[in-house]
Each structure stands twice: as C-alpha cells, then as structure tokens.
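The values are calculated or read from the model by the stated rules, or taken from the named source; none is laboratory data. Because the structure is predicted, anything quoted here is derived from the model rather than measured. Every residue, glycine as well, gets a Cβ built from its backbone with ideal geometry; the counts of neighbours run over all protein chains shown.
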Amino acid sequence: MIDDLDIKLHPPTLEPWNGGDDPEREIVVLMSGGVDSSVTAMLFRDTGWNVLGITMKIPVAERCDVQRSCCGIEAAYVARDLGIAHYYLDVRVAFEKLVIEPFREAYRRGHTPSPCVDCNTIFKFGLVWDFIEETFGLKHLATGHYARIVHEDNRAYLMRGEDRSRDQSYFLYGIPRRRLEYFHLPLGEMSKNEVRGLARKAKLPVARRQDSMELCFAGEGDYRNALGDIPAKGRILDSGGNEIGEHNGIMNYTVGQRKGIGIAASRPLYVIRISAADNSITVGTQEEAFSRDVSAGEVNVLIPELARQEETLYGKIRSQGEPSECEIVAVEEDRLSVRFNEPQFAPTPGQRLVLYDADGRVAAGGTIS
C-alpha cells in the first residue's frame, strides 16, 4: 500500500535518527512548524524521551506563505534548537489521491467535507504511522492537538481537551482503537496561552507564530482554490419545490448557509438541501434548517459498549460548540443514527457526527449522510 502511494523519506535535515536503548521511551512527534507541535516535541525531550520529528510534505505547501504553520518550513529549525532528529516525509502523491481528490468529489456531490479529519485518520493515524513503524521501529506517536488520552482500567480513551475553547477531539475520532495506547497528547491539559508561554520561555523561533485557519492544501485564500472547475449554474428552489432564483454552482454553498444566496425574502433564507443530481439548492426558513435526527456512515467506534442502540450520549455535528444530549436509535454495520433531545441547526452531509459520554470520552464518530 505504501509503495503504491509513492511515500518517500527525505534525508535527515540534521543528524540521522539513531534510536536509543529503551523503545518505550522513543517517540515520533509530527511537527508542522507551528507552536503547538514544537512545544509537544520540547515537552517529550525535556522529560527524557528520545524524540524523532517528522514533517509531512504535502501538495502546495512549497507555494504557501512561509509564515503559515502548515508548511513546516520552520520545523527543521525547531528540531535543530531542540537537538532532536528530524525528517521530511513526502506524501504529496498519496495526499492528492486520498485527501484532495475526495475533498473535490464531496463538493461535487453537494457535501461539505472535513479534510482535516481525513488527514488525521488516513495519514497521521494510518499511512504515516505505518511508515514510521516499518522504517524506524517506533510505535509511540504524539501530536500537538488539544485533546487528551486517559488510561483507565487497562484501556486508553480519547477525551476532550481541558480547555474546551480549544478542544480538538472532534478531529481525532478516526484513530484506530489499537493505536490509542501509543498515542500521546501532552497539550490536552493546557491552554493556548500556557503553550505560547512555554515556547517564549524556551525561545523557540515559532513562539509568536499565528495560528493558521486555512486549509493547508488550498494555498492563500479559501477552499475554492482547491476545487478546480466550478460546475454550471443551477436552480434555487424553495421548500415547496418552486424555482425562485439561480445559484452560482453547488460547490459555493453549504447546508446552513445564509449569506450569499442572493434571494430577497420577507424572512432570512438558509440553504437546507443541496442536490447534485439536478444541480439545485433548496432554501428555507431557519426553522426548516433544524433537525433532531442525524445519521452517519463510515463510523469508527472507540468505546464499543457505548455505541449501541438506546444508549444516551452527547453528540456534536460540527467542531465548535458543546455536545448535546442524544440517543442512538439505530446501529447497523458501520452506520448509526441518533436523535437529539433538542433540534440541531443544519446537520450537514460530509461533516462529522462525534459522540461523547458524560465524562467527555469519545465513543464513536462518523460522516453525516
């Protein structure tokens, strides 16, 4: 699989990795060149781990602004300052095939994809981790995400970050259960200010680096830069099926969108449905955009005893906001359906449904259909 996807390890940017005497104290830190992953590498070095930094080389990264943390340009400088080994891993061919093409195809189908989830699941927890194990014999891996791994009763659980405003567990639900024991998230107990404070104290060159809010593979600007050709214009329908206007291509819209529809009405209108089959979007009132029922496919289960019918959990249908109470109403193979106690605004096909227990442990997650 790895050979077919043309994944290549570049020569070391500093000294080559030589390993150590204790495999249980050797760890790979995935370094983007940003402050979070840099502090993560520093924390492991400072607590006696033998650290290997790996930076993924992905499409368009070489064309982006050097100040954007996605590019990883400064990861080697941080590794040098920390005195750790560092390599670039060229995954451009695989990334194009497994993340960018599905991203484009999702928009063509009228969905709104979550490429950061796919990157974590397919690459960080899949291909890259496999490559690291095969090449270096390392089984422990860490990232700079704001979430936690908690070990209880001889099991490892993925949990929400202590700083709820920064919690990134939503993006990590796709990790295979077998990997949890060896996955490390040292920033999960910290706030962003604390992390920046550690970086400044250590005089890391990325201490004042701004967070990147853009897609790492889209270059400067918004996601449309990565989409290619926009499909033809099409009809805008009201919730009764009547044509009331013309849209500029379904890739420009997402379920729940209010701005940019271009239809004058007595009440604000929202996109409530996108149909690739007839190249139309349907708009309606805010009330029509709410739903209690959400179904998801491609489900990854982290706590099997909780991912069962009639179990009460707490679900999120987007990364922001607090989980809301819901009940699993159906489970079949890799699909499940939930019913929220309170209606949720604009469940969006292609986005993710992530389920938590009352303690904030991730029970399961999947792609909203």
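Of all the residues in the stretch 188-225, those that are part of a loop (DSSP other than H, G, I, E, B), modelled with pLDDT of 60 or more and surrounded by fewer than 13 Cβ atoms within 10 Å (Cβ to Cβ) number 4.
Return the residues of the stretch 226-242 that are among the aliphatic types (A, V, I, L, M) and at pLDDT below 65; say none if nothing qualifies. Once the filter is applied, which keeps residues that are among the aliphatic types (A, V, I, L, M) and at pLDDT below 65, the stretch 226-242 yields Ala226, Leu227, Ile230. Of all residues in the stretch 284-311, those being more than 17 Å from the chain's Cα centre (by Cα) and closer than 12 Å to Ser337 by Cα number 9. Which residues, taken from the stretch 327-343, are touching a residue at least 12 places away in the same chain (Cβ under 8 Å) and closer than 25 Å to Thr121 by Cα? Hits for the stretch 327-343 are Ile328, Ala330, Val331, Asp334, Arg335, Leu336, Ser337, Val338.
Does Glu332 satisfy the criteria of being at pLDDT below 95, farther than 30 Å from His145 by Cβ and among the charged types (D, E, K, R)?
yes
Of the residues making up the stretch 311-323, those that are surrounded by fewer than 15 Cβ atoms within 10 Å (Cβ to Cβ) and not in a loop (DSSP other than H, G, I, E, B) number 1. Can you spot a residue in the stretch 240-250 that is within 24 Å of the chain's Cα centre (by Cα), of a type outside the set (Gly, Ala, Ser) and not in a strand (DSSP E or B)? The answer is yes; a qualifying residue exists. Looking across the stretch 264-310, the residues that are loosely packed, with under 15 Cβ neighbours inside 10 Å and at positive phi come down to Glu298, Glu310.
The set of residues in the stretch 2-30 that are without any contact (Cβ under 8 Å) to a residue 60 or more places away in the chain and closer than 12 Å to Ile54 by Cβ is empty.
Once the stretch 327-355 is narrowed to residues that are among the polar types (S, T, N, Q) and more than 11 Å from Ser291 (Cα to Cα), the residue that is surrounded by the fewest Cβ atoms within 10 Å (Cβ to Cβ) is Ser337. Considering the stretch 325-355, the residues that are under 20 Å from the mean Cα position of the chain (by Cα) and polar (S, T, N, Q) include one that is farthest from Glu105 (Cα to Cα), namely Thr348. Inspect the stretch 150-162 for any residue being in contact with a Leu (Cβ under 7 Å, 6 or more places away or on another chain), crowded, with 21+ Cβ neighbours inside 10 Å and hydrophobic (A, V, I, L, M, F, W, C) and give the result as yes or no. Checking the stretch 150-162: at least one residue is in contact with a Leu (Cβ under 7 Å, 6 or more places away or on another chain), crowded, with 21+ Cβ neighbours inside 10 Å and hydrophobic (A, V, I, L, M, F, W, C).
Residues that are among the small types (Gly, Ala, Ser) and either more than 17 Å from Leu172 (Cα to Cα) or assigned by TED's automatic domain parsing to the domain that holds Cys116 (or both) within the stretch 327-364 comprise Ala330, Ser337, Ala346, Ala358, listed in sequence order. Do the conditions hold for Gly110, that is, is it touching a Lys or Arg at 6+ places or on another chain (Cβ under 8 Å), farther than 30 Å from Pro11 by Cα and in contact (Cβ under 8 Å) with a residue 12 or more places away in the chain? No, not satisfied. Taking the condition at pLDDT 95 or above, hydrophobic (A, V, I, L, M, F, W, C) and touching a Pro at 6+ places or on another chain (Cβ under 8 Å), does Val271 pass? Here the answer is no, as Val271 does not meet what is asked.
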